[in-house]
1. Report the accessible area of Val351, computed with a 1.4 Å probe over the heavy atoms of all protein chains in place, in Å² rounded to the nearest 10.
2. For the residue pair Gln237 and Lys373, what label-to-label distance in nm results when each label sits 7 Å from Cα along the Cα-to-beta-carbon direction?
3. With every protein chain left in place and a probe of 1.4 Å, what is the accessible surface of Glu378, to the nearest 10 Å²?
4. So how much slack lies between Asn157 and Glu362, counting 0.36 nm per residue of separation and subtracting their Cα-Cα distance, in nm?
5. Suppose the chain between Met200 and Ala325 were pulled fully straight at 0.36 nm per residue; how much longer would it get relative to their current alpha carbon spacing?
6. When the Kirkwood radius is taken over all Cα pairs of region 166-286, what Stokes-Einstein diffusion coefficient follows at 25 °C and 0.890 mPa s, in µm²/s?
7. Cβ under 13 Å from Glu72's Cβ, Glu72 left aside: what net charge do those residues give with Lys, Arg +1 and Asp, Glu -1?
8. Please report the accessible area of Arg45 (heavy atoms, 1.4 Å probe, ligands and nucleic acids excluded) in Å², nearest 10.
Amino acid sequence: LVLCCPPTVTSPCKILKCNSEFWAATSGSHHLGTEEAPEFCTALRAYAHCTRRTARTCRGDLAYHSAVHGIEDLMVQHNCSKDGPTSQPRLRTLPPGDSQERSDSPEICHYEKSFHKHSATPNYTHCGLFGDPHLRTFTDTFQTCKVQGAWPLIDNNYLNVQVTNTPVLPGSTATATSKLTIIFKSFQECVDQKVYQAEMDELPAAFADGSKNGGDKHGANSLKITEKVSGQHIEIQAKYIGTTIVVRQVGRYLTFAVRMPEEVVNAVEDRDSQGLYLCLRGCPLNQQIDFQTIRSAQATEGRARRKGPSLPAPPEAFTYETATAKCREKLPVEDLYFQSCVFDLLTTGDVNFMLAAYYAFEDVKVLHSNKDKLHLYERTRDLAPGNAAPSGTSAALWVLLLCLSQCWLCLL
């Protein structure tokens, strides 16, 4: 019975293979006459059959569900019957002079030209996720979160972003991003729906279908992937929505950073569910971690080690002093990026988390539109979503308590 029913882990989700096969089979077919429609429908049925074969192992996969809905839409658009042959048609190439390198995109496919032709420059916002993980929201709220498993990072009328966070060490509460899925929705005459998916040790420089831009529409070049460093750093430019996305692999894990106009951020059908999207409203309170609480626990654990039996420690255990010194090599300003670096070294013992914090701040310097807000210094765990940091007497009291806690740790 075991031989006949192997565990599902031996048959991972193969939706990317289905996507690639369909892309290879139909590339350029829309340029041909109507007599080619039956052949397109054949490829579409083969695509549907491929998704059904991998359905069991693709539950919860955004790319899979996106493909299923896309197939249904294409079936209707091309009047395809669900019954019929499913053999793959021959591989085609795009006609000469009609390649994916077109640069004559219509004006509507350039956000600043089309949406703001007679108004001021749009206000851009930034969101980033890195490390253990640490989240900087579109409202410049900074949080450290647990968020193990799959979570929606962005979800609006133009794109969806989902991250999957897994434990860094067996039995550890420290998690980091191991998988990232980005779905760019089809938009007018600019781009076809495109899916980008990255995982640990796999940072592709192309979309799931093998293309590097928005497909076969007239404004396809308004969505492009550029590989900055092979296997380590890619950038996606979505000019039709004024958005830039940076994805990196640092060590084994992924980091994410985005620059997006406020108008696009807030373009959602159901405003009541906005709180579900981490970049917009932050992590739920029960998923947030307090730096000071963890630091106090680490101090207690240190005393326990000195007085009693050894407790489990990361492979390359850092003390608070050595972690601080290490982080200062790349992050000389002791802001929340610096504190995140120290926190991650203490909880994981992995120096790659120092680089993740460093690159996250480098991305902020490039993507954030307000250069006065690059550095953040105050925790925002107890604030309501979108609120500013504490001020006046409360801020002074917070700083005083922080100083007292630092002094107490020094005495320990």
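The values are calculated or read from the model by the stated rules, or taken from the named source; none is laboratory data. Keep in mind it's a predicted model, so treat the numbers as computed, not measured. As a convention, Cβ positions derive from the backbone with ideal geometry for all residues, glycine included, and neighbour counts pool all protein chains shown. Accessible surface is based on the protein model in full, side chains and every heavy atom, while ligands, DNA and RNA are left aside. Shrake-Rupley method; radii C 1.70, N 1.55, O 1.52, S 1.80 Å.
1. 50 Å²
2. So the two model labels end up 2.5 nm from each other.
3. Looks like 50 Å² after rounding.
4. Net length gain for the segment: 71.0 nm.
5. Fully extending the segment from Met200 to Ala325 adds 42.2 nm.
6. Numbers: Rh = 15.8 Å.
For the chosen part, D equals 155 µm²/s.
7. Net local charge, Glu72 excluded: +2.
8. Accessible area of Arg45: about 20 Å².
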